[in-house]
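The values are calculated or read from the model by the stated rules, or taken from the named source; none is laboratory data. Worth saying up front: this structure is predicted, and the values here are computed from it rather than measured. Cβ placement follows ideal geometry from the backbone for every residue including glycine, while neighbour counts extend to all protein chains displayed. The accessibility values were calculated without ligands, DNA or RNA, using every heavy atom of the protein model including side chains. Shrake-Rupley method; radii C 1.70, N 1.55, O 1.52, S 1.80 Å.
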Amino acid sequence: MTLPTRFPASYVRFLQRMDKLRSAGVLLGLDRVRQALRLLGDPQAGIAFVQIAGTNGKGSTAAMLESILRAAGLRTALFTSPHLLRFTERLKFNGQEVDAGLLDDALTRVLATGVSLTYFEAATLVSVCLIADAGVDVAVMETGLGGRLDAVTALPVVATAITSIGEDHLEILGPTLLDVAREKAAIARPGVPLFLPPLPQHIAAVIESVAAAAGAPTSVVASPIRGAALSGAHQESNAAIAFEVARFVMGAQGRVLPGHAVDDGLSRVFWPGRLELVEGVLFDCAHNAEGAQALAAALVKVRVRPRVLVVSMVAGKDVAGFAAAVLPQVEHVVVTQCASDRALPAVALAAALGQSSALVVVDAVQALKEAQSLAGAHGLVVAAGSVFLVGQLRAHLLGHTPDPIVTSDPMAAPMSL
């Protein structure tokens, strides 16, 4: 993929306008999005949307589903969040990032509705407008936060899926795991199938109850599928869900999913920053206990020594859960501070990790260099703990140009539910 070194003036203006929307924080609810859609002339009408939710794995599953459907010959769109480097990563058409020059005009249309919108709501609406303009066969949409009140849930869907239920964003979706399950299960729609992985009985019971109340049939996908280009045993469950959803979507369009499309789609899928090895550095966006456990399971199979962890985390994450899973799998720890206004101070994070004697290097790029020195020629550096850290260091290693204005979804306590 060719990456830009210069950006259109309209894209810079788009980023500036989006950045101003961050001040609204997180306002969960569907009314604003539904109102804006009506005022936009209901661009979502007639589009086959698929919604994917889950604590972990929803982005990977969405990427695999889109890749399979594209391999089957469908014209596809893929909406995900957050981005690692550029806002344009959030919306892809047939596997290619959206043309940066299209975004500002779409945002003008959205803001012209006069509806007061959050950053994520505006991003979702801009994407829906461009998806409608492109005339795709199917649009795969990753849920941003939770499900019940997430902007994506305002869209009509032909299928839904939940990839996992874990303890993340408990301050918003919780306080308990069952509360999280209820929030995510609420993407269920009348008559629309909800695909699920095998889940603990008490969690599955909650989801089944919510789905039944909504009139949504559920399907538990129990047989994992191997062969995906994405690393990690957990991706076998995600691949299985992607396959079953793809088969249903094709059937809903009166088509049969070709066998080759599954193999081709899974073998060619690309989802950066998830157990991705770049220049001797293993990048993984694990930032909660469940994600950390998947990372640890992958590291168990790695024979390379020494293993050096570069870690930064943002406020509100389960530092103890991350530490319990990952720290036993590494010999050295370098604690740093990613480029996010929510990043925990490096010294405070080191203490929270129980690594008060760890090497603390506030500058993330310098921290990576120190970790590479500790790993030597034969070791492995692991960068994890924050999407922001992965995006920053991955771009540094690959020489990629980040957005001229670094902006991403704000995360603050919701002001309304």
When every residue in segment 388-401 that is among the hydrophobic types (A, V, I, L, M, F, W, C) and surrounded by fewer than 22 Cβ atoms within 10 Å (Cβ to Cβ) is compared, the one farthest from Gly280 (Cα to Cα) is Ala395
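Does segment 338-363 hold any residues that are in a strand (DSSP E or B), closer than 18 Å to Ala315 by Cβ and more than 27 Å from the chain's Cα centre (by Cα), and which are they? Full working, then the answer.
Quick first cut of segment 338-363, residues in a strand (DSSP E or B) only: 343, 359-363.
Now restrict to residues that are closer than 18 Å to Ala315 by Cβ: 343, 360, 362.
The one that is in a strand (DSSP E or B), closer than 18 Å to Ala315 by Cβ and more than 27 Å from the chain's Cα centre (by Cα): Val360.
Just the residues that are polar (S, T, N, Q) and in a loop (DSSP other than H, G, I, E, B), please, taken from segment 302-337.
Ser312
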Taking segment 169-210 and keeping residues of a type outside the set (A, V, I, L, M, F, W, C), under 24 Å from Ala48 (Cβ atoms) and either in contact with a Leu (Cβ under 7 Å, 6 or more places away or on another chain) or open to solvent by less than 40 Å² (accessible area, probe 1.4 Å) (or both) leaves Lys184, Arg189, Pro193, Pro197
Considering residues that are closer than 16 Å to Leu344 by Cα and modelled with pLDDT under 95, the number found within segment 304-318 is 5
| query | Just a yes or no: is a residue in segment 220-233 over 22 Å from Val138 (Cβ atoms) and either modelled with pLDDT of 95 or more or of a type in the set (Phe, Trp, Tyr) (or both)? | reply | yes
Of those in segment 275-301 that are touching an Asp or Glu at 6+ places or on another chain (Cβ under 6 Å) and either open to solvent by 20 Å² or more (accessible area, probe 1.4 Å) or not in a strand (DSSP E or B) (or both), the residue nearest to Ser81 (Cα to Cα) is Asn288
Q.
One residue is enough: does segment 240-252 have a residue meeting the conditions closer than 30 Å to Val300 by Cα, touching a residue at least 60 places away in the same chain (Cβ under 8 Å) and of a type outside the set (A, V, I, L, M)?
A. yes
* To do: Evaluate segment 286-297: report whether one residue or more is under 27 Å from Asp409 (Cβ atoms) and either β-branched (Val, Ile, Thr) or free of Cβ contacts under 8 Å to residues at least 12 places away in the same chain (or both).
  => no
Note on segment 210-252: residues of a type in the set (Val, Ile, Thr) and assigned to a loop (DSSP other than H, G, I, E, B) are Val221, Ile225
(1) at pLDDT below 95; (2) open to solvent by 10 Å² or more (accessible area, probe 1.4 Å); (3) touching an Asp or Glu at 6+ places or on another chain (Cβ under 7 Å) all hold for Pro404 apart from (3)
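Name the helices (runs of 4 or more DSSP H) wholly within segment 1-99 that hold at least 3 residues that are over 30 Å from Asp179 (Cβ atoms) and open to solvent by 30 Å² or more (accessible area, probe 1.4 Å)?
Values: elements: 9-21, 31-39, 58-71.
Because the criterion is at least 3 residues that are over 30 Å from Asp179 (Cβ atoms) and open to solvent by 30 Å² or more (accessible area, probe 1.4 Å), the helices (runs of 4 or more DSSP H) in segment 1-99 that meet it are 9-21.
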Residues of segment 319-340 being open to solvent by less than 40 Å² (accessible area, probe 1.4 Å) and either free of Cβ contacts under 8 Å to residues at least 12 places away in the same chain or among the aliphatic types (A, V, I, L, M) (or both), in sequence order, are Val319, Ala323, Ala325, Val326, Leu327, Val330, Val333, Val334, Val335
Residue within segment 249-258 that is surrounded by 21 or more Cβ atoms within 10 Å (Cβ to Cβ) and charged (D, E, K, R) present: no
#### Entry: Leu178 over 27 Å from Phe243 (Cβ atoms) and part of a loop (DSSP other than H, G, I, E, B)
no
Of the listed residues (Ala134, Ala159, Ala100), the one being among the hydrophobic types (A, V, I, L, M, F, W, C), in contact with a Phe, Trp or Tyr (Cβ under 7 Å, 6 or more places away or on another chain) and closer than 16 Å to Lys58 by Cα is Ala159
Determine whether segment 384-404 contains at least one residue that is over 21 Å from the mean Cα position of the chain (by Cα) and farther than 25 Å from Arg90 by Cα.
no
message = Is it the case, given these coordinates, that Gly166 is more than 19 Å from Ala252 (Cβ to Cβ) and either of a type in the set (Gly, Ala, Ser) or free of Cβ contacts under 8 Å to residues at least 40 places away in the same chain (or both)?
response = yes
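So how many residues does segment 116-158 have that are assigned to a loop (DSSP other than H, G, I, E, B), within 23 Å of Gly215 (Cβ to Cβ) and of a type in the set (A, V, I, L, M)? If you could, list the steps in order and put the result at the bottom.
The initial filter retains those residues of segment 116-158 that are assigned to a loop (DSSP other than H, G, I, E, B), namely 116-118, 135-137, 143-150, 155-158.
Okay, now just the ones that are also within 23 Å of Gly215 (Cβ to Cβ), so 143, 146-150, 155-158.
Narrowing further to those that are of a type in the set (A, V, I, L, M): 149, 155, 157-158.
Looking only at that region, the number is 4.
Determine whether Leu344 is closer than 30 Å to Gly25 by Cβ and open to solvent by less than 10 Å² (accessible area, probe 1.4 Å).
no
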Given the conditions (1) closer than 24 Å to Gln44 by Cβ; (2) within 16 Å of the chain's Cα centre (by Cα); (3) open to solvent by less than 10 Å² (accessible area, probe 1.4 Å), every one holds for Gly166 apart from (1)
